[in-house]
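Worksheet: one structure, shown below.
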Amino acid sequence: MDMETSNIVDNRQGRKLSAVLRVTGLWLVVWLVFFLPALPRSTVLAPLDIMDSLLEPWATADAPHVKNAFVYDTISQYIPYDFSVYRSLQDDGYVGWNPDTHSGTAIRENAMLCPGDFRHLLYRVMPFWDAWDWGRMMNFAIAGIGMILLLSQVGLSPLFILIGAISFSFYSQFVVWIYTGVMMAGFCWAPWILWALLREKALVLANPMQTWLSWVLSVMLPGVFIGFGLRNGFLHTTLFTATLLVLYYIAECILLRKESTRSVRRRLGVVYGLSLVLGLAIASTVLVHVIPPAMSCGRQLAERSWGEALKTLPTLITSFLPTIMGTPQGLDATKYFSSDMFNLKFGGCNALILAILALFRKESPCLPKILFVVSLVIPFTPLDTWFYSRSTVIFALGMAWLAAWYLTQARDRPPSRTWVYVGRAFALVVVGWLAASVCLVLFEDTISEILRKVVERSLPANKASRLDWMLGRATEFVSRSKVWHPYNLATLTAIGLGLFGCSRVNNRTRRLWPVAALITVCTFAEMALFASTWIKISPRPAGKDAPYASQPWVEAVKAHLGNGSLFFYDRSNFDYMQLNTPSAYGIRQCQGYESIKPKRLFPLRPLFFDPEDFALAGVSHVLAPPGVYPEVLKGWEKVMDAEELVLYANPAFKSIFVAHLASGESVPLYAEVQTANRRTIMLPKGTVSVDIAESYHRNWRYLLGEGESALPSMAPDGYYAMRIVMEEALTQKTKLVLSFRP
């Protein structure tokens, strides 16, 4: 390469880098605008209105005022899960044990927590709510920057790259699962994976005779991002990342057979293979924790037939107009088609139309076509049993790529009559919606009565207390279905202006940047309007010891509980005392909820409420709803009868820790020091064994005095508890240190 050619290449690379940096800067502005309401320290990115007005006995409002009840699990599961990570890191400096659900369980084995997500590192250095907010927001930022790098790598115009980043990063599956973090945790790395693989492919094709050192460096970058994508720990997202890799390799097989020699294909195969091995090695540090429990839990997935899968096809209309079948503030009409709003597939109407048009261009890139089509088809087949509609995050990646590609190549083409037909179709939709809205007004009373009967008939018995609120949501559903509702007018305006901008991208347009800016703003408006129906920003709770504001009854229960554990007598009311929520206050529970239920300490005969049985399972108290006085708890001592709950103490319970002496006496013990992962107990003279009513796990270790670390045994009486047996009776008081270290 001569000097002049080298300078030209350097200048091109410099301009490309400068363009990428400018687009990245614009993306960060867009990202900050999207999350602007969550930035003040006085707010949190969480639907705490559910707790304030729906979840009993925390709710204090006279009637529910909840923006989005679909994300109920955030309060009852995901915030307590994350708080267990926070407490473990604050107490002991590592993520280990959650003592407050399932009589204790290993945090890293909870796949719902995404134990490999980097956001958990923030709990080391930030207060809980700051880390919660920034962890989720940073995942969106990572997805957008990765998309910018990917689309730049494949040579798309900087004018339209930002549109692809917005469409992908704010895709509906990321927004509806924003509080759980399960989708973004792994798939925010997807564009980085493709960027790294395509970058290394370009380097190999440009210089097939690389040195071995260059090969090692080529393998490392994609391998690291593959590892990040696979190691989040949420098994579905891991499956989606694996599917993305399979589709990438299929596309590469198609392309390389046409475009390269056998030696180049062989070299690329080695690079890809070693990258995958490195990625699996990085991911294995998390997957080794979550996969064995998933394999042993015996959980059955609901089978889905072709008929059931195809019945959901009409819901595809929500990919163009996401709220046409309902919003979280109203009713969910997608349930009529065996679906629900968690299955929305919306990345912007403009982006979807552009991607569909790109599908029919022969010269459009192969890989995004495969991603778009395959991922969109899966939810309408029996494969949805395993993949769910969450897998359409792969479709979103292909859609965003194709949309940016179509606009890039359209700037060199003459005006297309396609946009005339698209405009007519849009006008027809608006006119049809207007006519339907007029009919809705004319027959509003009849329609409202039908919806009322549907609500009354479909509301489960355990949610009967929600009836009046659900009837109000039915009224809101009718109101939001009219085309002149402000939300619908704003959405249609954004779509219409965006389509106009798309139609102006051609070789006759002298200044493209104003048109690109219009399309970008409209795409962002579409995604932000949709997100506004799902995302709730709440006032930040006071206090540091728990993620939720405390109440007097909470402190009373903790005082009664001591070092014991709680069992819930009756959960027939869905909105009363969700299982994991008390754990956020440090209230130990024998029960809990995780999708993959861990092996844990539990009463052998829970329906009989035998005090001895429950004592061996570490249960010191049973909690019942107010006004419930179960006959089966005769013999238990009622210690609290309040407006919020009734609490019964177990007369047979002594302590979580019980020492058995050589004399035959049993002595209750209490920890002198207790953290999330560590208990320090003084054993009395004459101790021959210690029973610990906490779930057994292979990573527990104990240290007796100055002895060596050893593994407690499992209690042999059928309970999944721990037992420590001495070689001989202790001759003096001895310190026992019990610690959990994964």
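The values are calculated or read from the model by the stated rules, or taken from the named source; none is laboratory data. Note that this is a predicted model, so its numbers are computed, not measured. Virtual Cβ from ideal backbone geometry, glycine too; neighbours counted across all protein chains shown.
Among the conditions (1) outside any loop (DSSP other than H, G, I, E, B); (2) surrounded by fewer than 19 Cβ atoms within 10 Å (Cβ to Cβ); (3) not assigned by TED's automatic domain parsing to the domain that holds residue 498, residue 314 misses just one, which is (3).
Only one of the numbered conditions (1) surrounded by 23 or more Cβ atoms within 10 Å (Cβ to Cβ); (2) within 30 Å of residue 69 (Cβ to Cβ); (3) over 21 Å from the mean Cα position of the chain (by Cα) is violated by residue 330, and that is (1). Restricted to the stretch 480-501, and to residues there that are farther than 19 Å from residue 409 by Cβ and aliphatic (A, V, I, L, M), the residue that is surrounded by the fewest Cβ atoms within 10 Å (Cβ to Cβ) is 489. Among what's in the stretch 643-670 and is of a type in the set (S, T, N, Q) and surrounded by fewer than 20 Cβ atoms within 10 Å (Cβ to Cβ), pick the residue that is farthest from residue 737 (Cα to Cα). The qualifying residue farthest from residue 737 (Cα to Cα) is 663. Within the stretch 572-580, does at least one residue satisfy the condition of being modelled with pLDDT of 90 or more and farther than 21 Å from residue 49 by Cβ? No: the stretch 572-580 contains no residue that is modelled with pLDDT of 90 or more and farther than 21 Å from residue 49 by Cβ.
Among the residues making up the stretch 399-451, those that are outside any helix (DSSP H, G or I) and touching a residue at least 40 places away in the same chain (Cβ under 8 Å) are 411, 412, 413, 414, 415, 416.
Inspection of the stretch 457-476 identifies no residue that is farther than 30 Å from residue 573 by Cβ and part of a helix (DSSP H, G or I).
Determine which member of the set 84, 103 is touching a strand residue (DSSP E or B) at 6+ places or on another chain (Cβ under 7 Å), in a helix (DSSP H, G or I) and in contact (Cβ under 8 Å) with a residue 40 or more places away in the chain.
On the way: 103 fails: in a helix (DSSP H, G or I).
None of the others qualify; the one that does is 84.
Of all residues in the stretch 364-390, exactly one satisfies the criterion of being over 24 Å from residue 154 (Cα atoms), of a type in the set (S, T, N, Q) and surrounded by 15 or more Cβ atoms within 10 Å (Cβ to Cβ), namely 389.
Only one residue in 622, 632, 628 is among the β-branched types (Val, Ile, Thr), more than 26 Å from residue 179 (Cα to Cα), surrounded by fewer than 20 Cβ atoms within 10 Å (Cβ to Cβ) and in contact (Cβ under 8 Å) with a residue 40 or more places away in the chain, so which one is that? Reasoning before the result, please.
Values: 622 fails: surrounded by fewer than 20 Cβ atoms within 10 Å (Cβ to Cβ); 632 fails: in contact (Cβ under 8 Å) with a residue 40 or more places away in the chain.
Result: 628 is the single residue among 622, 632, 628 that is among the β-branched types (Val, Ile, Thr), more than 26 Å from residue 179 (Cα to Cα), surrounded by fewer than 20 Cβ atoms within 10 Å (Cβ to Cβ) and in contact (Cβ under 8 Å) with a residue 40 or more places away in the chain.
Selection of the stretch 220-263 for residues being surrounded by fewer than 20 Cβ atoms within 10 Å (Cβ to Cβ) and either of a type in the set (S, T, N, Q) or part of a loop (DSSP other than H, G, I, E, B) (or both) yields 243, 260, 261, 263. Checked against (1) farther than 30 Å from residue 67 by Cβ; (2) not in a helix (DSSP H, G or I), residue 324 passes all but condition (1).
When residue 504 is tested against (1) without any contact (Cβ under 8 Å) to a residue 24 or more places away in the chain; (2) closer than 20 Å to residue 405 by Cβ; (3) surrounded by fewer than 17 Cβ atoms within 10 Å (Cβ to Cβ); (4) not β-branched (Val, Ile, Thr), only condition (3) is not met.
Among helices (runs of 4 or more DSSP H) entirely within the stretch 122-210, having at least 2 residues that are assigned by TED's automatic domain parsing to the domain that holds residue 326, over 15 Å from the mean Cα position of the chain (by Cα) and hydrophobic (A, V, I, L, M, F, W, C) singles out 128-153, 158-169. Tell me the residue from 434, 407, 451, 442 that is in the same structural domain as residue 480 (by TED's automatic domain parsing), loosely packed, with under 12 Cβ neighbours inside 10 Å and not hydroxyl-bearing (Ser, Thr, Tyr), please. None of the other options fit; the residue is 442. With respect to (1) more than 24 Å from residue 44 (Cα to Cα); (2) part of a loop (DSSP other than H, G, I, E, B), the lone exception for residue 116 is condition (1). Of all the listed residues (511, 504), the sole one being over 28 Å from residue 177 (Cβ atoms) and out of contact with any helix residue (DSSP H, G or I) (no Cβ under 9 Å at 6 or more places or on another chain) is 511. Once the stretch 635-653 is narrowed to residues that are in contact with a His (Cβ under 8 Å, 6 or more places away or on another chain) and assigned to a strand (DSSP E or B), the residue that is nearest to residue 693 (Cα to Cα) is 649. When the test is whether a residue is outside the structural domain of residue 399 (by TED's automatic domain parsing), at negative phi and touching a Pro at 6+ places or on another chain (Cβ under 6 Å), residue 101 does not pass it.
The numbered conditions (1) surrounded by fewer than 21 Cβ atoms within 10 Å (Cβ to Cβ); (2) touching a residue at least 60 places away in the same chain (Cβ under 8 Å); (3) part of a helix (DSSP H, G or I) are all true for residue 278 except (2). Within the stretch 694-733, the residues that satisfy the criterion of being without any contact (Cβ under 8 Å) to a residue 24 or more places away in the chain and in a strand (DSSP E or B) are 710, 713, 714.
Per this entry, residue 531 is not counted among residues that are assigned to a helix (DSSP H, G or I), touching a Leu at 6+ places or on another chain (Cβ under 9 Å) and under 30 Å from residue 157 (Cβ atoms). Filtered by the rule that a residue be surrounded by 18 or more Cβ atoms within 10 Å (Cβ to Cβ) and over 38 Å from the mean Cα position of the chain (by Cα), the stretch 694-723 gives a lone residue, 704.
When the residues of the stretch 671-693 are filtered to those that are β-branched (Val, Ile, Thr) and part of a strand (DSSP E or B), the one that is surrounded by the most Cβ atoms within 10 Å (Cβ to Cβ) is 692.
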